[in-house]
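The values are calculated or read from the model by the stated rules, or taken from the named source; none is laboratory data. Treat the numbers as computed from the prediction; the structure is a model and nothing was measured. For neighbour counting, all protein chains shown are included, and Cβ atoms are generated from backbone atoms with ideal geometry for every residue, glycine included. Only protein heavy atoms, including side chains, enter the accessible area calculation; ligands, DNA and RNA are left aside. Shrake-Rupley method; radii C 1.70, N 1.55, O 1.52, S 1.80 Å.
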Amino acid sequence: LTKSGDGLWNLTNDINLGAAPGTASINDGILAVNANLTASGLSVFPGGTLQGTGTVIGNVNNTGAVGPGNSIGTLNISGNYAQGSSGALAIEVDCQSNAFACRVLNSRHDQVATFVTRREREAALHAQLELSTLRLRDPH
């Protein structure tokens, strides 16, 4: 499975690519995983973006961009998550407190959930974390 070219590919049905190594990649554009994608590995290359609210069953190697949800939401990864120096994890925060302070505990925000089923599962970030607010509300 290879996502190439600009644009969005919205995955809404489960896909099982089996255990063959290097079975999925995002070279360009956006792959929105809103179902289950099973692959031994998913590589997100520079110019590519992984997003969605589904589950990637397998290891994810990010040197492009990962943005959980389809705006605010949770992207599940049942495997290891590794991010290289050119990769970005883009987290959106919807502040509901006030325009001057945004406390994550009082807001909705993106999440990457990794399921730890064996001790080898891990998440490694070696690059940037991008935080962006959707809106700031002044309660007055």
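Selection of the range 1-34 for residues being among the aliphatic types (A, V, I, L, M) and more than 13 Å from the chain's Cα centre (by Cα) yields Leu1, Leu8, Leu11, Ile15, Leu17, Ala19, Ala20, Ala24. Checking Ile77, Ile57 one by one, the residue that is of a type in the set (A, V, I, L, M) and open to solvent by 30 Å² or more (accessible area, probe 1.4 Å) is Ile57 and no other.
Scan the range 8-28 and report the pairs whose first residue is charged (D, E, K, R) and whose second residue is modelled with pLDDT of 90 or more and open to solvent by less than 50 Å² (accessible area, probe 1.4 Å), with Cβ atoms within less than 6 Å and a gap of 6+ or a chain change. So the pair list comes out as Asp14/Ala35; Asp28/Gly5; Asp28/Gly48.
Cβ-Cβ contacts under 6 Å between residues 6 or more apart (or on different chains), taken from a first residue in the range 76-89 that is more than 11 Å from Leu42 (Cβ to Cβ) to a second residue that is aromatic (Phe, Trp, Tyr) and in a loop (DSSP other than H, G, I, E, B), are listed as Ser78/Phe115. Only residues that are of a type in the set (Gly, Ala, Ser), closer than 20 Å to Asn70 by Cβ and surrounded by 14 or more Cβ atoms within 10 Å (Cβ to Cβ) were counted in the range 1-32, giving 3. Can you pull out the residues in the range 3-24 that are in a strand (DSSP E or B) and modelled with pLDDT of 95 or more? If the condition is that a residue be in a strand (DSSP E or B) and modelled with pLDDT of 95 or more, then Lys3, Leu8, Trp9, Asn10, Leu11 are the ones that fit. Val104 satisfies every condition listed in (1) buried (at least 16 other Cβ atoms within 10 Å of the Cβ); (2) modelled with pLDDT under 55 except (1).
Residues in the range 33-49 that are within 17 Å of Asn13 (Cβ to Cβ) and either out of contact with any Asp or Glu (no Cβ under 7 Å at 6 or more places or on another chain) or open to solvent by 40 Å² or more (accessible area, probe 1.4 Å) (or both): Val33, Asn34, Asn36, Leu37, Thr38, Ala39, Leu42.
Based on this model, can you work out whether Gly69 counts as in contact with an Asp or Glu (Cβ under 9 Å, 6 or more places away or on another chain), at pLDDT below 85, among the small types (Gly, Ala, Ser) and under 21 Å from Asn34 (Cβ atoms)? Judged against the criteria, Gly69 is not a match.
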